[in-house]
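Inspection log for the structure reproduced underneath, given as structure tokens.
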Amino acid sequence: MKFSSLKTKVLIWFIGTITIVLFSFSFLLYYFIEESINLKIQNNMYYSAKDMHDEIVENKLHEITFKYEKANGIAAAIIQNDKIIKKSEDFTIKNLSEYINKDQIFFSNESSNETVDAIYVLNFETPYKGSIVLHKKGLPNKAEDIEEILFVLNPIFLIVLIFIGIKLIDKILIPIKNITQTAKQINIDNLTQNISTDQKEDELKELAFTFNDMVKRLREGIEKMERFNNDVSHELRTPLTVISTQIELALKKDREKEYYKNSLEKIDDESKKMKHMVQDMLILTKYTKDNIEETFCLCDLNSILMNCIEKFVFFADKKNISIEVKKFEKTLLKANSSLITILFSNLLDNAIKYSLENKKIFLSLFEENGRIIFIIKDEGIGIPKELLPKITDKFYRVDESRNKSIKGFGLGLSIVKNIIELHNGNMNIGSKESVGTTVLITFEANLEHINVRNS
């Protein structure tokens, strides 16, 4: 058994606790039994001394013969002005000054370890100042007997309790051993193994559920990573094939200058596509909720949005699309300004690309009920209702046969979703085919932002 094992630690704790409880109980038991015995002796001697005092008060000192006391093995003496005026024949106490003027009982075991002597003193003021001293020898030392019994029984009880404790701990640790064995079987190639949750409703069952949930999330994460790798490989294959083909054809034989120029332009175009895709993927992986907040600053969303609009006006004009701002209020948000710029840019880019010619794009940015709200609405081709849940997946594009002329890798909305989640925001997308798409984004505007805005 390893000293650092859980079983050993629990067993040590159990033994320590049981030992403390057992010996504490033994001490209290010994104390109460001893007090009970002493109290009984004290009461007997008190009533005997009180009877003597009653006779003294009634001037019957001469009638006191100590007959009762002698029959009960008690030696007695009556003291007046620190002198013995009457005593029984067997009264042998000499150092009376140690006891008189103290209304209490004294015990000593000077004569033997197996017996004790009891000395009781009753002081009185009437009919004169005096004391009655009773001395009982050879009382059985029952407290000593109890101490010896407990001294023998305590180790036996402790051994029995330790044995029971080991069995109980083994039984309690069975589910933990099962969890350990199952955990050892789980690896990158075997993530379907689950821990049994048939045990009673307790912390171990909760641990099993938590472990199974962790394995499930790990499995889903690996599946997402594999899909991501497959998607990246698939998306990179096309531009690489184009580049490779153009180079191969150019090297086969001498060609006209114009041919080489066209080939280089195609290679350059495909290279830029790959560059943009890599940049987009880096955006998806660079930031996490653990490191994003250190990049936050107080951003003027109005200025960021206006800068983005200015950049995309040229592309909108090409399709005779007008960008109209319906509601525009001063809004501040603690955020990563670069990511917010990418968010607005991607949404504007999508709205323009998927809008028909001679249409409009409507923008709104305002604050309401402690929330910052951004709405972008286009009059584009729309998205089928059944495909809406998928459009934020990486590399997903709605039926490319419907929009072959629109370039992209299907990362735009995935990046937007990721940015919103990093800023603890929410996004809702509504769309209708041949009518258009509306994207509504909300962020929490905390008190700090509101105070800065008001100032």
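For residue 241 and residue 90, compute 0.36 nm times the residue count separating them, minus their Cα-Cα distance, and round to one decimal in nm.
Details: separation 151, 0.36 × 151 = 54.36 nm, distance 12.50 nm.
Length gained between residue 241 and residue 90: 41.9 nm.
7 Å from Cα along Cα→Cβ at both residue 157 and residue 358: what's the point-to-point distance in nm?
10.0
Evaluate E = 1/(1 + (r/R0)^6) for residue 185 and residue 216, where r is the Cβ-Cβ distance and R0 equals 22 Å; express this FRET efficiency to the nearest 0.05.
Details: r = 16 Å, r/R0 = 0.71.
My answer for the efficiency is 0.90.
Step through the table entries 67/87; 266/377; 261/319; 359/390; 266/390, compare each Cα-Cα distance with 23 Å, and write down the pairs that go over it. Can you show the working numbers first?
On the way: 67/87 12 Å; 266/377 34 Å; 261/319 29 Å; 359/390 26 Å; 266/390 31 Å.
In this structure, 266/377; 261/319; 359/390; 266/390 exceed 23 Å between Cα atoms.
Would you mind calculating the relative contact order of region 6-147 from Cα pairs under 8 angstrom and at least 6 residues apart, reporting the percent as a whole number? It would help to have the intermediate numbers written out before the result.
Values: 170 pairs, mean separation 32.1, N = 142.
Over region 6-147, the number comes to 23 percent.
What FRET efficiency, computed as 1/(1 + (r/R0)^6) with R0 = 51 Å and r the Cβ-Cβ distance, is obtained for residue 294 and residue 15, rounded to the nearest 0.05?
Numbers: r = 49 Å, r/R0 = 0.97.
The value I calculate is 0.55.
P(r) tail for region 32-75, what percent of Cα pairs lie past 18 Å? Present the calculation step by step, with values, prior to reporting the outcome.
Numbers: 353 of 946 pairs.
I get 37 percent for the Cα pairs in region 32-75 exceeding 18 Å.
If you add up the charges near residue 311, with Lys and Arg at +1 and Asp and Glu at -1, over every other residue whose beta carbon is less than 13 angstrom from its beta carbon, what do you get? Before the final figure, lay out each step's value.
On the way: positive: none; negative: 310, 317, 349.
Value of the local net charge: -3.
For labels at residue 166 and residue 324 in the simple 7 Å Cα→Cβ model, what's the distance in nm?
Using points 7 Å along Cα→Cβ, the separation is 8.6 nm.
With a point put 7 Å past each Cα toward its Cβ, work out how far residue 435 is from residue 125 in nm, to one decimal.
10.7
Past the 24 angstrom mark, what percentage of all C-alpha to C-alpha distances in region 6-147 do you count?
43
Nearest 0.05, what FRET efficiency do residue 366 and residue 317 give at R0 = 41 Å with Cβ-Cβ as r?
Values: r = 26 Å, r/R0 = 0.64.
In this case the efficiency is close to 0.95.
Just so you know, all these numbers are worked out from the coordinates, no wet-lab data involved. Quick caveat: nothing in here was measured; it's all calculated off a predicted structure. Glycine also receives a Cβ, built like all others from the backbone with ideal geometry; neighbour counts cover every protein chain displayed.
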